[in-house]
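Contents: one structure, followed by commentary.
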Amino acid sequence: KPLPSMAGLPLVCNEPMDACVTQWIDNAEALSAQHKQHALLGQRCERLLEGELAFEEALAPMRTVAEPLAQHGTGASDCSKWFLGGAVLAWSRQDRPRAMVLLGMADRMNRALLGGSHSLIGQMIAVRVTRNTLGAVAALAVRDPSLSEALMPLLAPLPDQVQSVKRWMVVEAAFQRGSITEMAGLSDEH
């Protein structure tokens, strides 16, 4: 049975994270109901982060230009929404320990994605969820300065992005070469 979509309000927010955090706080009851609806997905996300998360983006040999890349993207985005929405919800309920656990899980997932993404789209997903986490951390720190010390580990330097650029450039170059080869083959058929 497919899991319910996380596409509804208030969880989905395309604004800067401070506005999203405000949206989540202002709609805590609806966010809580949405979180309950997605509990199975959230449990899966949390289980992934119980131990060390080693992530390596799987890249199948390209067979066509339509070959999907970054198939982990939807799951990563959904887990990020679960962690961040849940952290804000926990904070709004005065459950700071739970908020910190969820923010820590988001941070560990982001670091794994940044370190193990190989495609450009995979890297951009990693950058986006990392930016969202840092935005949520900043929004909560502004609202609750007593969290500042606890939030500091989440601001540790991120994985070396020069290495990630080198990885995705290789993948993108191979993709472009494969695309040109495929298009040349199609034009030969006509």
Query - Kirkwood hydrodynamic radius over Cα pairs of segment 20-173, then Stokes diffusion coefficient at 25 °C and 0.890 mPa s, in µm²/s - result: 151
Report task. Filter the trypsin sites (Lys or Arg not before Pro) in segment 114-190 to those in DSSP coil with at most 14 other Cβ atoms within 10 Å of their Cβ, and list the result. Result -> none
Query raised in the report: Ignoring ligands, DNA and RNA, what percent of the accessible area of the chain is carbon or sulfur (1.4 Å)?
Result: 61
Query raised in the report: Are there any helices in the chain, counted as whole DSSP H runs, that stretch 24 Å or more along their axis by Cα and score at least 1.6 on average by Kyte-Doolittle, and if so which?
Result: none
Query raised in the report: What does the accessible area per residue of segment 66-190 come to in Å², with a 1.4 Å probe and no ligands, DNA or RNA counted?
Result: 50
Query - Exposure rule at most 11 other beta-carbon atoms within 10 Å, DSSP loop GluC sites (Glu not before Pro): the chain longest free segment - result: 57-190
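The values are calculated or read from the model by the stated rules, or taken from the named source; none is laboratory data. None of these values were measured; they are calculated from a predicted model. Cβ sites come from the backbone with ideal geometry, for glycine too, and all protein chains shown count toward neighbours. Ligands, DNA and RNA are stripped out before the accessible areas are found, and what is left, the full protein with its side chains, is counted by its heavy atoms. Shrake-Rupley method; radii C 1.70, N 1.55, O 1.52, S 1.80 Å.
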